[in-house]
C-alpha cells in the first residue's frame, strides 16, 4: 500500500495539472507515482481475487478449477 504522503502528492499534482501546467520533472514524478499506485492496486486486487472461495446456495464449493490450482500453490483454504 502506498504511503499517505505519496497519495497526497499524487492528488496535489493532479490538482495542479488541472489549474496550471506541470513542469517536466513534475510530469515525470506524476507518471512514476501513478505507475506505482497502479502496481500496488493490481497486486492487492490479485491477492483478493486469488483468496476468494465461491460457494453456491447449498454450501457447495464451486470455485473454478483454475482458481483452485492457484490457491493450492499458495496454500490457501487448506487446498492440497
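The angle between the Cα long axis of helix 4-19 and the longest principal axis of the Cα atoms of the chain comes to about 50 degrees, rounded to the nearest 10.
For the chain, the longest principal axis of the Cα atoms and the long axis of helix 24-50 meet at an angle of about 10 degrees.
Candidate values (1) 14.5, 51; (2) 13.9, 43; (3) 19.7, 59 were compared with Rg and Dmax of the Cα atoms in Å computed on the shown model; the agreeing label is (3).
Potential lengthening of the chain between residue 3 and residue 32 amounts to 9.0 nm, from the contour at 0.36 nm per residue minus the alpha-carbon distance. Helix 65-74 versus the longest principal axis of the chain: what angle, 0 to 90°, nearest 10, using Cα atoms? Roughly 80 degrees, rounded to the nearest 10.
Read-outs throughout are calculated quantities, based only on the coordinates presented, and are distinct from any laboratory measurement. Predicted, not measured: the structure shown is a model, and the values here were computed from it.
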